[in-house]
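K.L.:
I have a structure here, written as structure tokens, and I will follow up with some questions on it.
The values are calculated or read from the model by the stated rules, or taken from the named source; none is laboratory data. Remember, predicted model here, so these are calculated numbers, not experimental data. FYI the Cβ positions are ideal-geometry reconstructions off the backbone, even for glycines, and counts take in every protein chain you see.
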Amino acid sequence: MSPCTTCAGNRRLTIQVFARGLSTASPYELVKVVATDVPIKLQSGQDITVNPGDYVVGDVDGVVVIPHQMAEKAISLMRPQVEADAKMHKAIREGMSFTDASRKFRV
């Protein structure tokens, strides 16, 4: 069996790729492109629609969809949280408990 060229290509990316299986591309028999640049309604048990231009951000903890018209506001709301997380990280490395660091840096 030859190695999956798509999988090998994914390993060389400088960004993280999250997938349920070994490859981010499903076999052609399972996926057929029927439209591009259209809203997508997720079948996740939640009422979520991803529209063209929206931002989809994911990491090992989950995925967030930010509507394009809210992106600038979202960034300004994230900045204080990122700063608090950096302070917490430093304090925990220096021996403070997570609970104490949360109380001190997250208001």
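K.L.:
GLU72 is checked against (1) modelled with pLDDT under 90; (2) of a type in the set (Asp, Glu); (3) outside any loop (DSSP other than H, G, I, E, B) and fails just one. What number does that condition carry?
P.N.:
Result: GLU72 fails condition (1) only.
K.L.:
When the residues of region 63-107 are filtered to those that are exposed (fewer than 12 other Cβ atoms within 10 Å of the Cβ) and of a type in the set (S, T, N, Q), which remaining residue is nearest to GLN46 (Cα to Cα)?
P.N.:
Applying the filter and picking the extreme gives GLN69.
K.L.:
Can you spot a residue in region 84-91 that is modelled with pLDDT of 75 or more, assigned to a loop (DSSP other than H, G, I, E, B) and of a type outside the set (A, V, I, L, M, F, W, C)?
P.N.:
No: zero hits.
K.L.:
Hey, can you tell me all the residues within region 48-62 that are exposed (fewer than 12 other Cβ atoms within 10 Å of the Cβ) and at negative phi?
P.N.:
Those that are exposed (fewer than 12 other Cβ atoms within 10 Å of the Cβ) and at negative phi: THR49, PRO52, VAL56, VAL57, ASP59, VAL60, ASP61.
K.L.:
In region 44-62, which residues are without any contact (Cβ under 8 Å) to a residue 12 or more places away in the chain, of a type outside the set (D, E, K, R) and under 18 Å from MET78 (Cα atoms)?
P.N.:
VAL56, VAL57, GLY62
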